[in-house]
Structures are given as C-alpha cells and as structure tokens.
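See below for the structure under consideration.
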Amino acid sequence: MNIHEYQAKEIFRRYGIPTPKGIPAFSVGEAVTAAQKLIEDTGNEVVVVKAQIHAGGRGKAGGVKVVKGAEAAKEAAEGLMGTTLVTHQTGPEGKVVQRLYVEQGLAIANELYLALTVDRESKRVAIMASSEGGVDIEEVAEKSPEKIHKVWIDPAVGLMPYQVRQLAFGLGLSKKASKGFGKLVSALSELFTKEDCSIAEVNPLIVTEDEDVVALDAKINFDGNASFRHAAWEELKDLSEEAPTETEAKAAGLSYIQLDGNIGCLVNGAGLAMSTMDTIKHFGGEPANFLDVGGGASQEAVTKAFKIILQSDAVQGIFVNIFGGIMKCDVIANGVVAATKELGLKVPLVVRLAGTNVEQGKEILASSGLDITPADTMAEGAQKIVELAGKGA
C-alpha cells in the first residue's frame, strides 16, 4: 500500500525524524495560503511546491517547483494542479495531480540516499545508503555500485551502533552530521518495524549548511498483509491513485493486479496464477492481469471476476486455469457458464479444470452449448489461448 509524501512525513515526525515544515494543499488557493504561512513562520521566502502522486521521479518530470514568494507559489500550483504528470514510474499514461505539498526551502550542502527494505534472501531488513542522493538509485547501482553502502539488521538485537557508524563513515559525514544521521537512521528503523513497512525511502536525505540531517523527501510503502493491525491505514488511502478495477476486485474479495497484456487470467491460488502467467509468456502471449479467485470462490465471485477482466479493452482472450482442491471444478464451471451467458462473451475462452469434481465440471462446460475451448493441461491451455487471441488481434 502506497501513501503520499506529506502523509509519510507526518509519520516521520511522529518518530522524531527531522523534516522541513510543510502543509498539504488540495486546491491552488490552499497552496497559496500554505506558502504565505510558511514564509511568515520561517522568515524565508523560498518555498517548494510538490505534486503529490504515488510515483517516484517527480522532480525530473517537473513535479517539484522551487519558487520565491507566495505569488510565484501560486503560479507553480496553477501549473501543477490538475495536470498529468508522467514519470519513469507512472508509464506513458501518467497520473493526474490532485494534491500538492507546499514546503519550506532549505539551504542544502549535500544530498544523500537512504532506504530500508525487506531483503528476502537474507530474511532481514536491509539499510542502503549512498552519497548519490536525488538521482535514480538504480542508475547508481548499475554504474557506481561501490557508492551504495549496505547493512542488515539482525532481528534478535536490532540496529547496532557500529552499523550506524559504518554507514556514516561510508557517506563521509562530519562528526555533527554523523550524530544527526545516527538518530535519524535509528528512528527510521523503529518506524519501519512498528509501522509494518515494506519500504521506507528518503531521496534525498540532505545535510544542510548548518550540518543538520533532514529528510527532504519521504516514501513509505506498507505491507498490505499487516493491514489487520493498522485500522488507521484506511484513512491514508487515496483511491484516485489506484486502478478502479483493483479497488473493485478487492471489495469483492479477489486478488487482482492489472497488467499491460491482452490475455485475461482467472486462476485459483497465487502460485498457480504466477505459473499461469509465466506459461502464457512462454508461448508468446502477454497476461492482461493477475487474478486469484481464492480457494472458496462462489459462482457469483467467478462472474464478478469475468466482469473485472473484461473492463480492459485490451483483453482479446481469457484463460481459466483451475486446480480444484477446496475449490470444486463444478462450481467454477457453473460460474464460467453463467458469466459467459450474462456478459455475452465475445472473446475466445479457454478453460482448464483439474482436481475435485473435474468430470462434473467438464460435463457442465461441454453441455452448455457455448463456445468454450477445453484444455487438459496448463501448457495446452496457455498455448491455445495465445493462438486464439492472436487470431482475433
């Protein structure tokens, strides 16, 4: 689950992490008022107007404006609010800016990079820091990997002081800056664990001319699996930033992620869904989605899944791949038939059933009178839907 920068900074401040003073704005008028207040409170006319979208690369895309004075802040806000911002993370369609964050300007002496993330290989939280802040960390990793310093937190003892000193030394920080960096890293480590984050990133983390260490940016992703522990997360969601189909699927109890391909997938089980997509790609196709209907989906859920898949105009075929354990193949078959009749399906449909009540399921499909192509294996089904979708392209 993603949240906006200004929301992440509110959480940062709760843990004592230094951030610039800032005020969120939901209109141009609010942005001007925010700029005026910041100028009055800080005595500094330099303010920064930032577009708030769930994507990185805003600065390079023109989504961050450093201006002087409230009138200039108004012009910057007018130039951002309601526009479509295209970054390397949004894709060519971009994202519409509907929120702004107006922040005080600071005198920057140095820009750094800092992030905490889950390292699945070591099964520990990894801390990455680099002297190359404010740029794409992927580019640094490729061209100058020696500039990225890493430590791993042992869950039994937590972040150790020597690890903090190791990072500070690698970044070449002064004694004063190292002290501030140490406090910030320790606080961010506590935040990461208590808030159930999957990533907490600061890019850039700055050292001011007074050698204070401040989080100039903030990115937090929460681990959705921990949502039951954090009721407050619901208030942080911005549904306008999420694909409507994904929101609709979640409300229906379906695990759905929209992709860019042309073959819709309806599968039970996350592992089987991933294998199905891999098999489709193996035969030259491109999945249009990840969709796991779960182990106990009803006929109604299957119909809903079809409707969600078909909301994408790019879909030129659907592959239903079911391995019946708890899920019964006859229930899926009835759902497929009902959905096909209700929706008047106009794209090729390939169905592979295996497991509990498979013969009953196959009989239901065969006797339906509908144009449904059967398959006995996942590979056969994937190959057939790729061929059929290609003919309809």
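The figures follow:
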item	result
One residue from Val185, Val214 being part of a helix (DSSP H, G or I) and in the same structural domain as Val118 (by TED's automatic domain parsing)	Val185
Residue satisfying condition, being of a type in the set (Lys, Arg), at pLDDT 95 or above and either under 24 Å from the mean Cα position of the chain (by Cα) or at negative phi (or both), within set Lys50, Lys60	Lys50
Test: residue in the range 317-331 that is over 22 Å from Met274 (Cα atoms), assigned by TED's automatic domain parsing to the domain that holds Ala375 and of a type in the set (S, T, N, Q)	no
Some residue of the range 157-171 being closer than 29 Å to Gly22 by Cβ and touching a residue at least 40 places away in the same chain (Cβ under 8 Å)	yes
Pick from the range 339-367, criterion in a loop (DSSP other than H, G, I, E, B) and over 20 Å from Lys384 (Cα atoms), ranking: nearest to the chain's Cα centre (by Cα)	Gly344
Which numbered condition Gly325 fails, given (1) out of contact with any Phe, Trp or Tyr (no Cβ under 8 Å at 6 or more places or on another chain); (2) under 21 Å from Gln258 (Cβ atoms); (3) not charged (D, E, K, R)	(2)
Members of the range 94-122 found to be touching a residue at least 12 places away in the same chain (Cβ under 8 Å) and among the charged types (D, E, K, R), listed by number	Lys95, Arg99, Glu103, Glu111, Asp119
In the range 246-266, residue modelled with the lowest pLDDT [restricted to those that are among the β-branched types (Val, Ile, Thr) and over 12 Å from Ala382 (Cα atoms)]	Thr247
In the range 218-245, the residues that are at pLDDT below 95 and in a loop (DSSP other than H, G, I, E, B)	Asp223, His230, Ala231, Ala232, Lys237, Asp238, Glu242, Ala243
Cβ pairs under 6 Å, 6+ apart, first in the range 129-144 and closer than 13 Å to Leu114 by Cα and assigned by TED's automatic domain parsing to the domain that holds Ser178, second at pLDDT below 80 and not hydroxyl-bearing (Ser, Thr, Tyr)	Ser130/Val140; Glu132/Val140
Some residue of the range 317-338 being surrounded by fewer than 16 Cβ atoms within 10 Å (Cβ to Cβ), part of a helix (DSSP H, G or I), free of Cβ contacts under 8 Å to residues at least 40 places away in the same chain and charged (D, E, K, R)	no
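Listed here are the residues, each with its yes/no results for (1) in contact with a Pro (Cβ under 9 Å, 6 or more places away or on another chain); (2) free of Cβ contacts under 8 Å to residues at least 24 places away in the same chain; (3) surrounded by fewer than 15 Cβ atoms within 10 Å (Cβ to Cβ).
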| site | (1), (2), (3) |
| --- | --- |
| Leu254 | no, no, no |
| Leu259 | yes, no, no |
| Gly264 | yes, no, no |
| Val267 | no, no, no |
| Ala270 | no, yes, yes |
| Thr276 | yes, no, no |
| Thr279 | no, no, no |
| Glu286 | no, no, no |
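The values are calculated or read from the model by the stated rules, or taken from the named source; none is laboratory data. Keep in mind the model is a prediction, meaning the values are calculated, not measured. So basically every Cβ, Gly included, is an ideal-geometry build from the backbone, and we count neighbours across all protein chains shown.
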